[in-house]
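Reviewing the structure listed below.
The values are calculated or read from the model by the stated rules, or taken from the named source; none is laboratory data. Only a predicted model underlies this, so the values are computations on that prediction, with no experimental measurement involved. Heads up, the Cβs are rebuilt from the backbone with ideal geometry, glycines too, and the neighbour counts pull from every protein chain shown. Note: accessible area is taken over every heavy atom of the protein model, side chains too, but ligands, DNA and RNA are not part of it. Shrake-Rupley method; radii C 1.70, N 1.55, O 1.52, S 1.80 Å.
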Amino acid sequence: MGKNEQREEMSIVSSPSNPQKMDDHHVVALEVEVPETLHQVGTDSWFQVGVVLSTGINSAYALGYAGTIMVPLGWTGGVIGLVLSTLISLYASTLMAKIHEYGGKRHIRYRDLAGFMYGRTAYVIVWASQYANLFLINIGFIILGGQALKAFYVLFKDDHRMKLAYFIAIAGLACVLFAIAVPTLSSLRVWLAISSVFSLIYLTIVFVLALRDGINSPPRDYSIPGSKINRVFTTAGAAANLIFVFNTGMIPEIQATVRAPVVDNMLKALYFQFSLGSVPVHVVTYVGYWAYGSSSTSYLLNNVSGPVWAKALANITAFLQAIIALHIFASPTYEYLDTKYAIKGSAVAIRNLAFRALVRGGYLALTTFLSALLPFLGDFMSLSGAISSIPLTFILPNHMYIIAMKNNLSSLQKSWHLLNVIFFSVVAAAALVAAFRLIAVDSKTYHTFADL
């Protein structure tokens, strides 16, 4: 779909009539076209968008990075890797934010921007890649929700009668109910505040209990486990996890909700995400690894010891926050379906409620089934990072920026962006091989519907 073909039912947004301007920092489009969508565009403050972004990185996934990043990389590699990932992710995200209005159009979907720049083939590839990425992330959230609910249950009744698959099914049902009740990403509003409270609760409890365990425990083993060949694959997998920590692969979709000026406000949201918003995930990851060393698991609440009430509260808030966070990453899928089938009018209209129950329920039912079938959380983090997060977050933004700013970049700047494209392409290929190997190994170790 070329530049003239890729026009998904555009409508003109009324604004002062001035020609488009472009500089080294961002595109200023004073008159832009916005694709038709039945979800809200340009309604949210930069702070709300910043909270949305921070909700993603401080989800219950944050309880696993001590095990999935620090253990395979050790202190030096893990700390340097997380810090570099923070800085590089901020840089790449700002590149995407600056070209949101490229060509006089507001690109509210990643695939629209790819199609406008490269044509129909890129449109289809990016669409498939992004939705595969979000699907894998959502599988991870349902696994997390199931793990948290199971951990809550066994605190009171460890009878081995309730398997992980049952708790994953309950988590999936909760996600369906939430998807029916909350029609759009912008509709989250108060739920974002609730999600932030949930995150603060479980992250604080994990931090305090892990700190206490670390102080009272004998010296830990921080050596990187595995043979030399295994370390090569686990290091590549950890690299994909590093990318996964801070990136959504849906910057255009999130930026679509922010008020004008869309570039400046999105940059504010990103600065919030990568400053204050990233502190909790760093702190919990380092303290968790310090306390438990190479025995850190992909869910730190399985490591900590302490009062039952505290662990129960942390697990139940992690479960509830996973439901809200999943809705963020499922929103591009919901927007596509709602727009395709023209779901208009009141969110509580019977037709609209029935549509969300049937269509979103079907999507989440499939997600839940696959989550229960192969509940290997770390594997999905690595696979998602390799297949989609790295290309969508680092490779494409650098190349797109070259195209959008080609007349304003020096030869040195162009070379820098091309070097990024090449480097992260190699990283993605290595991470993909490592992820498939990890899944193959775990598939031999664990059976389907494993009770992990």
Return the residue satisfying two criteria in turn: it lies in segment 33-65 and is among the aliphatic types (A, V, I, L, M) and at pLDDT below 85, and of such residues it is farthest from Asn302 (Cα to Cα).
Val34
Which members of segment 140-163 meet the condition of being part of a helix (DSSP H, G or I) and at pLDDT below 90?
Gly140
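Could you go through segment 80-96 and let me know if any residue there is touching a strand residue (DSSP E or B) at 6+ places or on another chain (Cβ under 6 Å), open to solvent by 10 Å² or more (accessible area, probe 1.4 Å) and assigned to a helix (DSSP H, G or I). Break it down into steps so the answer makes sense when it comes.
Applying the first criterion (touching a strand residue (DSSP E or B) at 6+ places or on another chain (Cβ under 6 Å)) to segment 80-96 yields none.
No, that holds for no residue.
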Segment 238-333: helices (runs of 4 or more DSSP H) wholly inside it with 2 or more residues that are over 21 Å from Leu192 (Cα atoms) and either of a type in the set (Val, Ile, Thr) or out of contact with any helix residue (DSSP H, G or I) (no Cβ under 7 Å at 6 or more places or on another chain) (or both) are 262-274, 279-292
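Restricting to segment 208-265, count the residues that are closer than 19 Å to Asn133 by Cβ and either among the acidic types (Asp, Glu) or surrounded by fewer than 16 Cβ atoms within 10 Å (Cβ to Cβ) (or both). Talk me through it step by step, then tell me what you get.
Within segment 208-265, the subset closer than 19 Å to Asn133 by Cβ is 236-256.
If we keep only those that are either among the acidic types (Asp, Glu) or surrounded by fewer than 16 Cβ atoms within 10 Å (Cβ to Cβ) (or both) too, we end up with 253.
Matching residues across segment 208-265 total 1.
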Return the pairs, sorted by first residue and then second, in which the second residue is of a type in the set (Phe, Trp, Tyr) and part of a helix (DSSP H, G or I), the first residue lies in segment 331-348 and is touching a residue at least 40 places away in the same chain (Cβ under 8 Å) and surrounded by 11 or more Cβ atoms within 10 Å (Cβ to Cβ), the beta carbons are less than 7 Å apart, and the residues are 6+ apart or on different chains.
Thr333/Tyr131; Thr333/Tyr363; Ile343/Phe355
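Listed here are the residues, each with its yes/no results for (1) without any contact (Cβ under 8 Å) to a residue 24 or more places away in the chain; (2) touching a Gly at 6+ places or on another chain (Cβ under 8 Å); (3) small (Gly, Ala, Ser).
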{"position": "Ala151", "(1), (2), (3)": "no, no, yes"}
{"position": "Arg161", "(1), (2), (3)": "yes, no, no"}
{"position": "Pro183", "(1), (2), (3)": "no, no, no"}
{"position": "Leu211", "(1), (2), (3)": "no, no, no"}
Among the residues of segment 182-190, is there at least one that is farther than 15 Å from Leu364 by Cβ, modelled with pLDDT under 90, in contact with a helix residue (DSSP H, G or I) (Cβ under 6 Å, 6 or more places away or on another chain) and surrounded by 18 or more Cβ atoms within 10 Å (Cβ to Cβ)?
yes
